[in-house]
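No lab work stands behind these numbers, since they all come straight from the coordinates. These figures come from a predicted structure and were not determined experimentally. A quick note on method: Cβ atoms are made from the backbone with ideal geometry, for glycine too, and the neighbour counts reach across all protein chains shown.
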Amino acid sequence: MKPLLPVDDARSRVLKDAHPIEDTEQAPLERAIGRRLASDVKAVRSQPPFAASAMDGYAVRTGDIGALPCTLTIIGEAPAGHGFTGSVEAGQAVRIFTGAPVPAGADAIVIQEDTERLDGDEVKINITVPKGNYIRPKGLDFAEGDVVLHAGERLDAGRITVAAAMNYPELPVKRPPHVAILATGDELVAPGGEPGTDQIIASNSYGVRAIAETDGADVTDLGIAIDRQDVIEAAIDRALAGKVDVLVTLGGASVGDHDLVQDALIARGMQLDFWRIAMRPGKPLMYGQVSGLHVLGLPGNPVSSLVCSHLFLRPLIARLSDEEETDPHRDAVLGCDVAANDRRQDYLRATLARGEDGTLVATPFEKQDSSMTRIFAESDCLIIRPPHAEAATAGSPCRIVLLREPG
């Protein structure tokens with residue numbers, strides 16, 4: 001029998017022909033969050049577009065308030081969005097509010113706390129201020145023509161905000177990897193459905209989707225294909241027609257009479273790179289390509305599909321996104337004794353805690369069946385047990401794949 005492919009070799013082969021996506025697209029601001037800019041973005045207007053008051057108070061001429069106290073005549077009001085259209089002359093002031101344009105003739109703002117409103121249309125000024133006091137000059141934030149955002153920057157809250165302030169409703173961004181997920185099997189029923197006596201609820205695709213979308217992929221769910229090759233081939237055709245970068249199949253990639261995914265993919269031209277690797281859970285992992293589309297055939301057991309997604313799908317998405325892959329591996333110590341391992345690299349679901357010295361302590365669950373989703377939901381990490389690893393005692397060093405920071 002052909003030896004099983006080691007995990008590291010399988011990962012290298014998945015990434016060998018994965019190249020960064022060069023396509024760009026225009027994305028509305030609300031859909032651009034977390035994306036990377038494809039090109040520089042210049043300001044098409046100045047902000048503020050006029051000299052604006054930074055505080056509520058009175059727009060004055062500093063030449064009128066040299067001797068205190070002084071009394072000025074209020075000739076109008078300037079709320080935000082409604083500037084005063086006249087001009088401030090000697091002995092005059094305009095009541096002004098934050099954000100309003102500074103009226104012509106005025107060269108400073110006296111905040112209302114430093115004034116006293118008198119009867120009629122007069123205000124007493126109780127403090128001298130310099131020219132420009134509490135005035136935001138035109139273009140203080142950015143000026144028309146400034147390069148404010150740069151190609152390659154990730155669009156976080158601050159960058160999205162300044163793009164909106166520049167009056168951009170959408171931005172040029174790099175297209176994210178498009179991942180399609182296809183679940184297979186007569187035994188599967190979507191959540192909310194009524195399973196028959198021999199059926200179960202399909203869950204894998206939701207976890208795989210969560211992993212892919214968390215890493216920035218655009219995901220399409222192709223639904224559940226029954227165990228008929230023509231149905232599976234039709235679903236593959238939809239992926240091929242949809243400009244998909246990665247097709248993830250769930251289940252059906254083994255060699256049983258009802259495992260038809262591999263045959264359906266080969267019928268559609270897939271060049272099979274490898275099938276079956278030396279890991280637990282996840283031995284039946286399959287990888288190949290068809291018409292430039294990367295195909296990851298994940299096992300049908302929920303935990304196997306999630307573990308394989310962390311180990312293979314995430315780095316593939318990072319490579320296609322031209323992102324530096326975040327290394328999830330950490331050093332830790334075992335929280336209990338573990339048995340010797342066989343020829344497959346084992347990934348044990350485990351909880352994490354920090355010892356008094358800050359060391360990560362990983363304690364595996366007693367049961368590790370690959371169908372048990374509850375245990376995976378409670379896991380903080382995966383303990384890596386290399387092939388043929390000897391039994392180890394509590395406190396021994398180990399390597400882990402971090403799933404979440406310890407609580």
Q. Helix-derived [θ] at 222 nm for the chain: sum -39500 (n - 2.57) over DSSP H runs of at least 4, divide by residue count, nearest 500?
A. -5000 deg cm²/dmol
Q) In nm, to one decimal, how far is the modelled label at Arg154 from the one at Ala339, with both set 7 Å along Cα→Cβ? A) 4.2 nm
Q | Segments 282-288, 385-391 sorted - mean Cβ within 10 Å per residue, highest first | A | 282-288, 385-391
Q | Potential extension, Lys243-Arg330 segment - 0.36 nm per residue separation minus Cα distance | A | 27.7 nm
Q. Rounded, prolate or oblate: which one fits segment 329-402, using the alpha carbon gyration tensor with axes a ≥ b ≥ c (rounded when a/c is under 1.5, else prolate when a/b beats b/c, else oblate)?
A. oblate
Q.
Just to verify a number: FRET efficiency for Arg404 and Phe97, C-beta to C-beta distance, R0 = 56 Å, to 0.05?
A. 0.70
Q) When DSSP beta bridges are limited to those with both residues in segment 52-136, what percentage is antiparallel, rounded to the nearest 5? A) 75 percent
Q) So in the chain, what percent of DSSP beta bridges are antiparallel if you round to the nearest 5? A) 65 percent
**Q.** Average Cα contact separation per residue, the chain, under 8 Å, 6 or more apart, as relative contact order %
**A.** 15 percent
Q: Run down the aspartates and glutamates and flag those whose C-alpha is under 16 Å from the C-alpha of Lys2, throwing out any fewer than 8 positions away in its chain.
A: Asp273
Q) What's the angle, to the nearest 10 degrees (0 to 90), between helix 204-214's Cα axis and the longest principal axis of the chain? A) 40 degrees
Q: Could you tell me whether segment 240-361 comes out rounded, prolate or oblate from its Cα gyration tensor? Rule is a ≥ b ≥ c as square roots of the eigenvalues, rounded for a/c under 1.5, then prolate if a/b exceeds b/c, otherwise oblate.
A: oblate
**Q.** In degrees, nearest ten, helix 229-241 long axis to first principal axis of the chain (Cα)
**A.** 30 degrees
Q: With mean projected area of the Cα convex hull in nm² defined as stated, name the option among (i) 19.9; (ii) 18.2; (iii) 30.0 computed from the structure displayed.
A: (iii)
Q: Using the number of other C-beta atoms within 10 angstrom as an exposure proxy, rank Met372, Met279 with the fewest first.
A: Met372, Met279
Q.
Taking R0 as 35 Å, what FRET efficiency do you get between Ala353 and His19 from their Cβ-Cβ distance, rounded to the nearest 0.05?
A. 0.30
Q.
Please compute the length gained on full extension between His388 and Ala104, using 0.36 nm multiplied by the number of residues separating them and subtracting their Cα-Cα distance.
A. 93.9 nm
Q.
Compute the angle between helix 7-16 and the longest alpha-carbon principal axis of the chain, please, reported from 0 to 90 degrees and rounded to the nearest 10.
A. 60 degrees
(Q) I need the shape label for segment 273-341. Rule: rounded when a/c is under 1.5, else prolate if a/b > b/c, else oblate, with a, b, c from the alpha carbon gyration tensor. (A) oblate
Q: Over segment 52-136, calculate the relative contact order: mean separation of alpha carbon pairs under 8 Å at least 6 apart, over the residue count, as a percent.
A: 41 percent
(Q) Sequence gap at least 6, Cα distance under 8 Å: using those rules, report the relative contact order of segment 329-402 to the nearest whole percent. (A) 50 percent
Q: Identify which of Ala38, Ala151, Ala241 has the largest mean-square fluctuation in a Gaussian network model of the chain, with springs joining Cα atoms closer than 10 Å.
A: Ala241
(Q) Cut-off 10 angstrom, C-alpha nodes, Gaussian network model of the chain. Which of Arg117, Arg45, Arg344 fluctuates the most? (A) Arg117
Q | Max mean-square fluctuation residue, GNM over the chain, Cα-Cα springs under 10 Å, options Gly297, Gly242, Gly63 | A | Gly63
Q. So how much slack lies between Glu170 and Arg228, counting 0.36 nm per residue of separation and subtracting their Cα-Cα distance, in nm?
A. 16.5 nm
Q. Say each of Ser12 and Glu122 gets a label point 7 Å from the Cα, pointing the same way as Cα to Cβ; how far apart are those two points in nm?
A. 9.0 nm
